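The values are calculated or read from the model by the stated rules, or taken from the named source; none is laboratory data. The shown structure was predicted, so the numbers you read here are calculated from the model rather than taken from an experiment. Neighbour counts run over all protein chains shown; Cβ positions are idealised from the backbone, glycine included. Please note that ligands, DNA and RNA were not included when accessible areas were found on the heavy atoms of the full protein model with its side chains. Shrake-Rupley method; radii C 1.70, N 1.55, O 1.52, S 1.80 Å.
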Amino acid sequence: MELIIGTKVWSSWSLRPWLALKRTGAPFTETLVQLREVGTSEAVAKVSPSARVPVLKDGDLTIWDSLAICEYLAEKFPAAKLWPDDPAARALGRAAAAEMHSSFASLRGECPMDLSLRHEVELSELTHEDIRRIIKLWSDLRERFSAGGPFLLGAWSIADAFYTPVATRFRSYGVQLSDFGDAGAAGTYNEALLEQPDYLEWETAALG
């Protein structure tokens with residue numbers, strides 16, 4: 001398998017399936033496309049049907065969407081437990097990942113992922129709403145699944161891959177979760193994402 005990703009400092013969408021693929025333990029080739037450079041669009045268009053990264057190539061199969069890649073990996077490597085066996089937990093995790101995939105445009109726009117950044121910014125009310133919703137989502141799932149481990153559904157899952165870039169944004173832009181209604185569970189979860197070994201491997205490579 002080959003996973004084509006964008007610059008690790010910035011590419012939140014690349015980070016998500018990379019974390020899932022690492023979790024499977026399967027060998028893969030990592031191909032990096034440097035973003036924000038002259039010729040980037042042309043380079044990505046050569047390897048991606050959507051002209052965007054990430055892209056997973058598995059034999060003659062090409063998958064060009066981060067959530068689709070993660071779901072493919074969950075089916076291809078069932079022993080990796082990228083989703084829990086319990087149908088209710090799995091449904092809630094998929095809902096959380098899908099919400100991240102399609103929502104929170106204001107947060108993504110005002111606080112793009114930049115692992116090298118440590119800077120406080122004035123955020124709009126729309127972004128405040130996004131943050132409050134994320135804290136509510138995290139807190140509710142942690143309350144329900146806390147007995148199973150430190151992640152959203154207890155054990156690590158694709159849902160955590162999807163929210164790891166959010167945790168980096170909160171750190172990069174100095175977002176104090178307690179200012180947006182967090183009673184502690186969301187902050188603890190945020191720290192768990194940033195301490196997860198596969199994420200730390202990505203961050204080390206990104207920052208050199």
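All other residues whose Cβ lies under 13 angstrom from that of residue 49 are scored, Lys and Arg at +1 and Asp and Glu at -1, for a net of +2.
Note on residue 105 and residue 85: the extension gain reaches 4.1 nm, defined as 0.36 nm multiplied by sequence separation minus the Cα-Cα distance. Ligands, DNA and RNA excluded, the heavy atoms of residue 75 present near 140 Å² of accessible surface to a 1.4 Å solvent probe. If R0 is taken as 35 Å, the Cβ-Cβ distance between residue 191 and residue 68 corresponds to a FRET efficiency of 0.75. Share of antiparallel DSSP beta bridges in the chain, in percent to the nearest 5? Roughly 60 percent of the beta bridges in the chain run antiparallel, per DSSP. Over the range 140-208, accessible surface divided per residue gives 40 Å², non-protein components excluded, 1.4 Å probe.
Between 41, 62, 78, the Cα set farthest toward the positive side of the dipole of the range 26-89 (charges on each charged residue's Cβ, about the Cα centre) is that of 41. Taking a straight Cα-Cα cut-off under 23 Å and skipping sequence neighbours fewer than 8 places away in the same chain, the lysines within cross-link reach of residue 81 are 22, 57.
Simple spin-label estimate for residue 114 and residue 200 gives 2.6 nm between the two label positions (7 Å along the Cα-to-Cβ direction from each Cα). Accessible area of the range 61-208 with a 1.4 Å probe: how many percent of it is carbon plus sulfur? The value for the range 61-208 is 54 percent carbon and sulfur by accessible area. Computed over all pairs of different Cα atoms, the Kirkwood value for the hydrodynamic radius of the range 58-130 is 15.1 Å.
Taking 0.36 nm per intervening residue step and subtracting the Cα-Cα distance, what contour gain separates residue 140 from residue 126 on full extension? So the extension gain works out to 2.9 nm.
Mean residue ellipticity at 222 nm, helices only, the chain: -17000 deg cm²/dmol; runs of at least 4 DSSP H residues each add -39,500 (n - 2.57), and the sum is divided by the number of residues. Potential lengthening of the chain between residue 41 and residue 60 amounts to 4.5 nm, from the contour at 0.36 nm per residue minus the alpha-carbon distance. Can you flag which of 8/46; 76/136; 8/76 are past 28 Å Cα-Cα? 76/136, as the Cα separations exceed 28 Å there.
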